[in-house]
Structures are given as structure tokens and as C-alpha cells.
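All of the numbers you see were taken from the coordinates with simple rules; none came from a lab. Owing to the predicted nature of the structure, the values given are computational and were not obtained by experimental measurement. We place every Cβ from the backbone using ideal geometry, glycine too, and count neighbours over all the protein chains shown.
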């Protein structure tokens, strides 16, 4: 089972790896998220109840009970840092062993972290052997010194512990924790996008998370404290309508101001309280959403530039998450970034219903595929080099 515990919805997906190596969906459960805010548990009892509802629906569809799950972790406190470490192989050149790779990765991991933070992932970017760089699997090669560049993904320990506690209280044991954008990239980014360089932007309810790939490896991860809920709240305040109606309008009714042009199409909306319904211009709604979208895109650009990767993403941007449904977002991004942009839809999981081929299901599908790949790699090639190639450097 894969679990995506977000601020807007909770999804549970039961999947199975077939004898042919295909990962197939058996059941998908979705429930409204309660007791969570910006990727953190704010009410343990409510969060556990919401998780249990999604799990039970997935189990009912699959026809089997599930005891453990792989859990996605995200939120505004996720951070990434690049590091380098290595070791000498001796006075004379010799073959690189699995233990050498393990020790080089361990050396790269030794960085000072913020108080209370723990390492969630160690993602190798590439190895150096003497003067040769760009090596993906150095085992068996010959040299004097081995170095490795890695990307470390960190998270506050209490954030992960509270999320695990909520899942445990729902009757499910957490078998592994995976960064949500890393999981989503499993089923959204193509190999060409990873190699050429692309930024995937996961717009969740409470936060937006970024992951940048270049030369086939993760180069940057970060989070921005703006999500789809901010668009909804802006709209509710701006046109004075209930939150639920604002969410519906955001998803179904409005196009971007660029697409609307000078049209004066009106939308009838309910008022707050007992006041009668009234009409607002679609252009007014679009202007409110465009302002927030522009702010978010500016922050995304600032993050990419801060990481020194602005010229490293010629393949452009890929948007996932519920916020990726915002009409006109890709067009606005292409204009602002002068780069291609698209909405990412999950692929690679057999047996999935049509309703799940949407950007908001990228994380849950990616988690299932990630777990399936990990299982296959460990069963077929249970060596360190195989795990590095199979999980991180594909």
C-alpha cells in the first residue's frame, strides 16, 4: 500500500507486482483530509480517522487487508542540500568495491544539519574516479581515489514521527518514508526530461514542492509556503463567496485572464450568509487567481536561481498536484520563464481507473511504482551498486 497524506485529501493505493514485473493497481481509496495543515499533523485523532477511511476504501476495492504502507512525506519544512565526500583507494590503483562506494557515500553524508533535522534520502548524483567524472556505477573500475556527489533530503524528525504516529493509529505500519516529489517524478518525468534537465512543481493544498533533475540525477529540492488553498482563500475573500464555492469556481469555471481577454462573461455565485446570489465577471475572478499564480511562479524562479540551476532546466517545468489544474497556468509559466511547461499526469501503473489519471494523483501512483521498483531491485539484485542504479540513478 502507498499512502499520500496531504492537506486537502488523503489517498491510499493497494498495488501488486506481477510475475512479469508489472505494477498493477488493485484498489484506490480517497478521503477528505482533516487534522493536517501544510503537510503537518495538527490533530492526531482527526488525521488518523481520515487516513483510516482512505485505507478501508482501498482495502475494500482490493479485497484484501493491508498491514503496512510506504508513506509520502512533504511539506514546507522539507529541504535539500548537495554534498561531496570520498576516500583514497591506496598508493596503487585498484578495483573499486561495494564497500568503497558505501564509505564514499557515508563520507558525503557527514554534513551539519539544522537542529532536529534528519536525513530522509541520500541521492547520489555521480561519482569521480581520479580525473574521470560523471560515473554512475564505479564498482569494478580502477583508480586511486573515489569521490561522490550526493543530494541530501532532510526533514524535521518530529514531522515524520507525528505523521508515522497518525498512520500507526489508523492501524497501518509504515514500512518506508519517501519524499513526495521524488515519488511523483517516478511516474511523471520522462528519461529525456531527467537527462536534459527539468523542474517538477508539485502544487499541493498547503505548500508547493520543487524537485530539479539534470544529467539524470536530483540536483535540488525545496518547498514554498504557498499552495492551492491560498488561491481558494484569495478568491473567497475577493468575491465574497463561501470557501467551497470558491474551490469549485477555481477548478471548473474560470480560465486565465490571458484566455478571457476582454470578455465580460459573468458567473453567478452564492453570497456569504443569507444574502441572495449575485453575479461577478469572470475576468475579475481570473485577475485574482492570476495575481497569486504570478507570485507563486516568481517564488519558483527565485528558488531555481538560488540553487544556480536556471540554465540547467532546458526541458522546462512540469506541474503536478491539485493546483496544476488551474486554467492557463502552463501558458503563464511559459511566458514568465521562456521555457516549455506542461501538466504531468501519472503513467506506468496498470489497472488504474480513468479518474486517477490526473495531476493530483501523481504522488500516490509514484509511491506505488517506487515501492514496486524497490522490491524488484532488492529481490533480483540485492547489492549496493544495483540499489544505487535501480533506485536513484535511473
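Listing for the model above:
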read-out	value
Distance from segment 116-173 to segment 24-83 (C-alpha centre basis), Å	23
For the chain, Kirkwood radius (reciprocal of mean inverse C-alpha pair distance, Å)	22.2
Förster-model FRET efficiency, 41 Å R0, residue 375 and residue 264, C-beta, rounded to 0.05	0.15
Acute angle (nearest 10 degrees) that the helix 157-169 long axis makes with the longest principal axis of the chain, alpha-carbon atoms	70
Convex hull of Cα atoms in segment 75-172, direction-averaged projection (nm²)	7.8
Segment 276-382 shape via C-alpha gyration tensor axes, a/c threshold 1.5	oblate
Computed E for residue 137/residue 334 - FRET, C-beta separation, R0 35 angstrom, nearest 0.05	0.45
Mean separation of Cα contacts under 8 Å (6+ apart) over length of segment 73-160, as relative contact order %	44
Gaussian network model of the chain, Cα within-10 Å springs - most flexible of 276, 65, 346	276
Cβ-based exposure ranking for 115, 59, in which fewest neighbours within 10 Å come first	115, 59
Listed peptides 337-344, 351-358 by packing density, highest first (mean Cβ within 10 Å)	337-344, 351-358
Ascending count of other beta-carbon atoms within 10 Å, so fewest first, for 313, 211	313, 211
In degrees, nearest ten, helix 228-239 long axis to first principal axis of the chain (Cα)	20
Estimated [θ] at 222 nm from DSSP helical runs (n ≥ 4, -39500 (n - 2.57)) normalised by residues in the chain, nearest 500	-10500 deg cm²/dmol
Degrees, to the nearest 10: 44-62 long Cα axis against longest axis of the chain	80
Segment 204-230 and segment 321-375: distance between their alpha carbon centers, rounded to Å	13
Which of 274, 4 has the fewest Cβ neighbours within 10 Å, and the rest in rising order	274, 4
Sequence-separation-based contact order of the chain, relative, with Cα cut under 8 Å and 6+ spacing, percent	18
Full-stretch length increase - residue 111, residue 354 - with 0.36 nm per residue and alpha-carbon distance subtracted	83.0 nm
